[in-house]
Each structure stands twice: as C-alpha cells, then as structure tokens.
Amino acid sequence: MATDGAVVSRTLTLVFTDLADSTALKSERGDRVVGNLIAEHRGHVQRLSTVAGGRVVDWAGDGCFLTFPAPSAAVSFSLELQRTHAREAHLPGVRVGIHLGEVSERTGPDGEGGPARVEGLAVDLAARISGLARPGQILLSVPVADSARPRLDPESFDAPVRWATHGAFALKGFAGEMEIREVGLEGIASFDPPAASEKAAPAATSSQEAPGPREPTGEQAREKPILAVLPFANLSAGDDEYFADGLTEDIITTLARFRELIVVGRASTFRFKGQAMDLSEVREQLLADYVVQGTVRRVAGRVRVTAQLVDPSSGFHVWADKYDRDMEDIFAVQDEVTRTIAATLGVTLQDVATQRALKKSPGELGAYDSVLRARRYTSLLRADVHAEARDLLEKAIALDPNHAEAHALLVNVYLAEHRFGANPRPDPIGRALAAAEKATALDPQSAYARCWLGIVHFFRGENDTFQAEAQRALDLNPNDPEILADIGHYLAFMGEFERGLALSRQARALNPLHPGWYFFSEARYDYDRRSYENVLTDVERISMPHFYWTHLLAAAARGQLGRPDAEDALAELLARKPDFSARAELEKWNAAPEDLEHLMEGLRKAGWADGA
C-alpha cells in the first residue's frame, strides 16, 4: 500500500501568474485561438522561469504557480514576462502576485509521482496578491520587495525599473492587513491602484508612487533611510580609476547587506561619475536621505582613502574619516577599507535614525520607529529598558505583522526573560523560537534574524545548530559589528574562547563606539587562561555595574587571586540577583563542564557555599 511521501519545510518565493480576460477573449475569438495564446504564454513562462532558476509547480487553465529560491529571481522573471507580453501585442496582459514564506513540500506516494507539491498559508497569500493585480501588473509583499530591490540589476532591462506602494489591503480569509508593493518597467506597468475584489479589499485609501531608485513613499514605506554612494574620486597622479571604482562598487555591495538601509544601485550613482554636482541635485535625482562621497590618493606605495557621510538636505557632515594603508596587496587594502567604511556607515546611520526616533512622542511612533527605540536594550541590558523594548516590539508587530526586523529583535528581547530573568513570562524560549522562525521566513537574507535563531538553539542546548545558523549569519553579513560580537560572545560562553575572542575583537575594530558587553568574550578568554588580573580589567571595560554577570566574573577572579574583596563582589551579585544559583546559571549558559567547574572553583574561593 502506498504511503504519503516525505514533507519538507522550506522558505521559498511564490509566484502566481494569470492571463487577463481570457474568458472574455474566448467569446470574442474562439476557444482555439485563445488556446493557442495560452500555449504561447506557457512557453514564455517555462523558458523565462528556467533561466531565472524557478520551478513550475502547477498549471491551472491560463494561470501558473511557480517557486523561486530567492525574491530577486522571482522579480527578475516577472519583469521579463511583463516585457515579453508588452512586446507581443497579440498576447493578453499577465497579472502577477509574489509572496515570500515558509511552505511544506510534499512528494507523491512513496516519494514518486513527480515534483513535490507545495502547500501552506504563504501559497494562499501569494494567490490572493495576484488576485489584486490589474492586467500587466506585478504586485508583491513587503519582504519580497525589500529583499529583491538591492539585488536586482536594473541594467539587465531595457527600461527603468520602478517601484511603488499601494497601501495596506485586507486579504479575504486572513487576519490583519498586508501592505502591497508594485514593481514594473517604465512605460509598460500601469502603477494604478490594485483592483479590489471579493478576495481582497483596500484597508487604506492612499496610493503613492516612488519614482527612480527610492523606496515607495508614505510613512511606512519611507521609514528606512536611503543611501547613495557616489563614485570615489581618483586624486592619484597615475591611472588608479580601477581602484577608486572598485572600492565604490564594493562599498555599495557590502552596505546592501545591512537590512536597515536601502542602498541606491551602482547603475544610478555611477551616472554622476566625474561630474561636479550640487548635493541638492543628487538628492533630487536619487531621492537619497544620505550621500557618501570619497577620494582615493596613492603616493609612494601608500594609499589614502577619505570618506564622508552627508545629509544632502542640510549639507551637514554626519561622519567623516580617512584611512592610510600600505599598498603591498592592493586587493587586501581594498577589502579592509571597504569593510571598515561599510560597518562604520551602517552603525552611524542606525544611531542617527535611533536618535530621531527617541525624539518622537509615543503617539507618533510607527513600526520602524518602535523597532529603533527598542534597540536601546541591546546595548544597555537593563530590566526597565527591557520591559519598554518588549512593549515597543509587540506594538510594532501589531502595526505591521510582516515587519521582519521587529520579529528578529523580539527574539533577543524574549530570550532575555530566560537569559537574565528580565520581566519573565511563561515559555520565553518557545516564544523566542516562534519569533525567530517568523523573522527568517519573512526575510531569509537577514543576518540578524539568522544570528538570533542560532542563539535560541544555543539556549536549547543544540550547539551544532547554533553554530550552523551563526555561520549562515556571518555569510550573509560579515561586516555587522553587533552580529560579530553576538556570535563571538556565545562561542566564548560555550568554551570556544579563541574563536569567540577573534570575532569580538573584529567587532570592536569595526565599531570603536561599541557597548561594553563586547568585552565579555575577552573576560571569558582571560579567565580560561588563568589571567585573573586581566579579567578584572575586562570587567571594568565592560562597565555595566547593574548587570549581575560582571559581579559573577569579578567574584570568581578575585577568589582565584585570594583577594579579600572577593566577598564584596559576591554581595553585589546577590544584591542584583537575590535568587542567584551559581551552578544553574552556568548550566543555563551552556558552559562546558571543565569551564563550569573552573568558575565554580573561583566562586567557592570567594566564599560561595558549595552546592548552591
């Protein structure tokens, strides 16, 4: 007897296409003619999807259901299909809907029966979105737009790619609202408001368009800052254009990995190469909130790179720096300078946005501002800030259920209930895991979401899964200081002291204004090496006297040194955390057996009662 095939959960980009008015055409032109049109359309779909790396899951009359491994591939396919139908005027317009989410792939009985079926809520949402589209229109959800936009090469199309937002829609059968975006080719796409149907209706009346490279306008769509990196000027006597251009391109590519930013593509910014320009003109044409400018000068075996971040609306310099390096390996220099500039810009822009959010009243906070304000907790680790952050993030998700960054940061905040006992509620690890899975489903390219999915597994005692997800996070963005520090922090706590320390030092180099907890891996490394005096120095550099772990490490190090003030550190520890249990705490933090006993030895020498 046959049995059901295997079921595998995956995150895919889902595309539904549908020929417009095919039923009416049958009445006008006959079944045979329309059948030929559908066959021709299917040929285009099959060819273009194969080129883009997609898979046809199902044909249904004049419609098609496809999956793609990445949003950018799905959008590229859809634009090519839009262009193809526009060129061949005898073909009806095609409607396209795209969504990103976790699905179940089920093979046929006993693993046979052809390609796997794809099922799940995300499939139904993609179908609902396609039902909104007008003929010739490509509609998509926010996670698809945010992921695809910085990765799409506009030069691969013979018309400008434009983006728009159409507000939030209530989709039949689903709770909440979904913001609908549009992508299309200039002169082909209509950018009209979606056609509301019995399956979907507008929840907001606004319909706004964002020309050129800018993310759609409107309060929610404009929340992420848009950054334009202009071509760095070559000031060298020789021909170093290749180095200046390569450095600019690398910075653009590296910055695009920061999910907090929208980075204008190379094709748009390199139009300004070699031109004397007014920044207000750049702002008007690129609609950028911030502009990066720089120079490259090479003299006698050394190179100097300068960079500055400017607010073009005011001309105010937000940040500026210079980098002097030997040119022994020009490509290594280019890589180092790229990483440093990109990381500094990412941190600087996040800080600027956070300061703006902090100045707003609670009634003015949208989802994005709420996330920015909640980020304060990641540097302070205070219980009062934790409660505020949790409220802000839950509010952000209520405002925008598909806000991937809010779900990702909520993993950090929920886990703090377990890690530190901060404002605990039932099942913090379970809630954190659910938030992490939602964040990675909404944005599979988010390094921060991947990082914190791994950390959930760390606290579940699943170290192999933690390390696998941590590596995926580093592959997605190896230049985000917070991710480097987080992963280094947890590697050190599980006994991988040298690996953890290396990542934490890299994070500190990329973000000189880092929070004090970046030094925890240094303290754990020094304690393992019996460098107890250094541990005390590290604790001072952590500079978090409100945080009980600093007193734990200070007590253990002073105990190992035989210092009489070790008991004072224990007293401070218990004042901060009266219900503290040393062994349970260290086991919770995944301490390796030898490391755990080493810390317990220091605490006992400080006066801790054995067995506590």
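The values are calculated or read from the model by the stated rules, or taken from the named source; none is laboratory data. Fair warning: this is a prediction, and the values are worked out from it, not measured in the lab. Counting neighbours? That spans all protein chains shown, and the Cβs are built from the backbone with ideal geometry, glycine included.
Some notes on this structure:
- Subset of the stretch 497-547 (residues that are among the aromatic types (Phe, Trp, Tyr) and either over 20 Å from TYR377 (Cβ atoms) or in contact with a Pro (Cβ under 6 Å, 6 or more places away or on another chain) (or both)): PHE497, TYR525, TYR527, TYR532
- Those residues of the stretch 128-173 which are in contact (Cβ under 8 Å) with a residue 60 or more places away in the chain, polar (S, T, N, Q), buried (at least 20 other Cβ atoms within 10 Å of the Cβ) and over 23 Å from TYR368 (Cα atoms), in sequence order: SER130
- Among the residues examined, GLU601 does not qualify as outside any loop (DSSP other than H, G, I, E, B) and either outside the structural domain of ARG529 (by TED's automatic domain parsing) or touching a Gly at 6+ places or on another chain (Cβ under 7 Å) (or both).
- Qualifying residues in the stretch 117-139 (those that are part of a helix (DSSP H, G or I) and among the hydrophobic types (A, V, I, L, M, F, W, C)) - the one farthest from THR84 (Cα to Cα): LEU121
- For the stretch 67-101, a tally of residues being over 17 Å from ALA148 (Cα atoms) and part of a strand (DSSP E or B) returns 2.
- For the condition assigned to a loop (DSSP other than H, G, I, E, B) and either modelled with pLDDT under 80 or not charged (D, E, K, R) (or both), THR17 does not qualify.
- Exactly one residue among ALA404, ALA389, ALA434, ALA398 is within 23 Å of ARG259 (Cβ to Cβ), surrounded by fewer than 17 Cβ atoms within 10 Å (Cβ to Cβ) and at pLDDT below 95, and that residue is ALA398.
- Count of residues meeting criterion [part of a strand (DSSP E or B) and either touching a Leu at 6+ places or on another chain (Cβ under 9 Å) or under 19 Å from ASP351 (Cα atoms) (or both)] in the stretch 227-237: 3
- Among the residues of the stretch 50-76, those identified as touching a residue at least 12 places away in the same chain (Cβ under 8 Å) and of a type in the set (Gly, Ala, Ser) are ALA52, GLY53, GLY54, GLY61, GLY63, ALA70, SER72, ALA73, ALA74, SER76.
- Subset of the stretch 570-587 that is of a type outside the set (A, V, I, L, M) and surrounded by fewer than 14 Cβ atoms within 10 Å (Cβ to Cβ) - its residue that is farthest from GLY421 (Cα to Cα): GLU587
- Residue within the stretch 322-338 that is in contact (Cβ under 8 Å) with a residue 24 or more places away in the chain and farther than 27 Å from PRO512 by Cβ present: no
- When ARG508, ARG524 are checked against the criterion of being part of a helix (DSSP H, G or I) and modelled with pLDDT of 95 or more, ARG524 stands alone in meeting it.
- All of PHE520, PHE497, PHE458 fail the test of being buried (at least 21 other Cβ atoms within 10 Å of the Cβ), in contact with a Lys or Arg (Cβ under 7 Å, 6 or more places away or on another chain) and either among the aromatic types (Phe, Trp, Tyr) or within 14 Å of ASN590 (Cα to Cα) (or both), apart from PHE497.
- Neighbours by Cβ (under 8 Å, 6+ apart or cross-chain): first from the stretch 303-315, surrounded by 21 or more Cβ atoms within 10 Å (Cβ to Cβ); second at pLDDT 85 or above and β-branched (Val, Ile, Thr): VAL303/VAL296; VAL305/THR295; VAL305/VAL296; ALA307/VAL292; LEU309/VAL291; LEU309/VAL292; VAL310/VAL291; VAL310/VAL292
- Of note, THR67 does not satisfy the criterion of being surrounded by fewer than 20 Cβ atoms within 10 Å (Cβ to Cβ) and polar (S, T, N, Q).
- Qualifying position, being of a type in the set (Asp, Glu), assigned to a helix (DSSP H, G or I) and more than 22 Å from LYS605 (Cβ to Cβ), among GLU482, GLU567: GLU482
- Just one of the numbered conditions (1) crowded, with 24+ Cβ neighbours inside 10 Å; (2) at pLDDT 95 or above is not true of PRO444: (2).
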